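Chemist: Supplied in structure tokens, the structure appears directly below.
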Amino acid sequence: MSASGYILGFETSCDDTSCALYSPAEGVVVNKTAAQLEHGKYGGVVPEIASRNHMKTILPLYESVMNEVGLGLGDIRGIGVTHGPGLTGSLLVGLSFAKALAYSSGVPIVGVHHIEGHIMANALSGTFETPALVLVVSGGHTQLIHVKRIGRYELLGQTRDDAAGEAFDKIAKILGLSFPGGPEIERVAAEGDPGAFDFPRALRHSGKLDFSFSGLKTAVRLKVESIGELTPRLVSDVAASAQEAIVDILAEKSREAAKRLGVKHCYIAGGVAANLRLRERMSMRLEPLGVEVRWPETRYCTDNAAMIACAAYHHLEAGLHCGLDLNTFPRGELTSWA
């Protein structure tokens, strides 16, 4: 394809700095992400540290991406950047850098909603079929979204308190596991019994498509306190049982949503989409309904700029881009634009 089809993407909504090039003909041309490992010792992301590290990393990361393929800004069709939701300081670094590039080159800029980016991660390795149900499940979000077509979204339900990924992190902390908690819970749960403890599945019979995970966190804490000394076996059993409670209610609500919509395609999006038990449970619950369940490649489940560039491409194809007055927003629902 011609170089005019390349989309440059930036993602800095939390603690990962990511830059990518995407084209509709080649898919992901290059995607590079710099992780900030030092947050682990604090048990969570420290916003000030995250934003300062973004400032140190974003320029050399951008130069590395462009040098790898031998392109300059004159070869770029558009720039996509996450402008929310997320940590304000982190978002400002990515947005300011992208706006500077757009201003200096005249290349159009597209502000991408972080959740739309995660949804479009499913398009990086194959065709994204619509209409579809998408389960967005990450450290900051747990939502069921009806994607009528790319750019047309309907929120069906969401968490009323903690996100599923946040619940994983908090439960991991209770068990003395390291941050981020999701991969650690999955790792130790592999050696445990998912039926060892009967943890709650909140809102199971509510008739609504919302979620709640704060009660699960409390139930785990109380169980651990009642046990006293945790052996490695007990840690694995608690982790496996808690993981089962989370993936069970996610799959059950997704199944109900798919039945109501009558869709034939369901996608998982967000960092928790990398969880193998969730993938297995979703397939078990939805495929008997004739619903195909898919998820991104594991490397595209967590925050990355390739998904942002892909989403920006679809905006540009619709003739949409933003002005240089584009701003960040720490919170906000995904809205339709098509």
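Chemist: Using the structure shown, select from Lys170/Lys208; Lys170/Lys259; Lys41/Lys173; Lys32/Lys170 the pairs with a Cα to Cα distance greater than 22 angstrom.
Modeler: On the way: Lys170/Lys208 25 Å; Lys170/Lys259 32 Å; Lys41/Lys173 12 Å; Lys32/Lys170 29 Å.
Checking Cα-Cα distances, Lys170/Lys208; Lys170/Lys259; Lys32/Lys170 exceed 22 Å.
Chemist: Still on this structure, please answer the following. Classify segment 129-295: rounded, prolate or oblate, from the alpha-carbon gyration tensor (a ≥ b ≥ c, eigenvalue square roots; a/c under 1.5 rounded; otherwise prolate if a/b is larger than b/c)? Each step should come with its number before you reach the end.
Modeler: Details: a/c = 2.10, a/b = 1.99, b/c = 1.06.
Prolate is the answer for segment 129-295, as a/c is 1.5 or above and a/b outweighs b/c.
Chemist: Quick check on segment 156-233: take the gyration tensor over C-alpha atoms, sort the square-rooted eigenvalues as a ≥ b ≥ c, and tell me if it's rounded (a/c under 1.5), prolate or oblate. Write down the numbers at each step before the final one.
Modeler: Values: a/c = 2.01, a/b = 1.63, b/c = 1.23.
Prolate, since a/c reaches 1.5 and a/b exceeds b/c.
Chemist: For segment 129-295, what is the charge dipole size about the Cα centre, in debye to the nearest 20, if Lys and Arg each add +1 at the Cβ and Asp and Glu each add -1 at the Cβ? Each step should come with its number before you reach the end.
Modeler: Details: 24 positive and 22 negative charges, 140 e Å.
So the dipole magnitude of segment 129-295 works out to roughly 680 debye.
Chemist: Hey, with R₀ at 51 Å, roughly what FRET efficiency would Leu230 and Leu324 work out to, going by the Cβ-Cβ distance, to 0.05?
Modeler: Working: r = 54 Å, r/R0 = 1.06.
Result of the calculation: an efficiency of 0.40.
Chemist: So between Glu154 and Arg187, what do we pick up on full extension, going 0.36 nm a residue minus the alpha carbon distance? Each step should come with its number before you reach the end.
Modeler: Values: separation 33, 0.36 × 33 = 11.88 nm, distance 3.41 nm.
Between Glu154 and Arg187, full extension yields 8.5 nm more.
Chemist: To make sure I understand the rule: partners must be aspartates and glutamates, Cα under 14 Å from the Cα of Lys99, and not fewer than 8 residues away in the same chain. Which ones qualify?
Modeler: Cross-link targets: Glu11, Asp325.
The numbers here are math on the coordinates, done by the rules we state, and not lab data. As the structure is a computational prediction, the values presented were derived from the model and not from experiment. In this analysis, Cβ positions are derived from the backbone assuming ideal geometry, glycine residues included, and neighbour counts consider all displayed protein chains.
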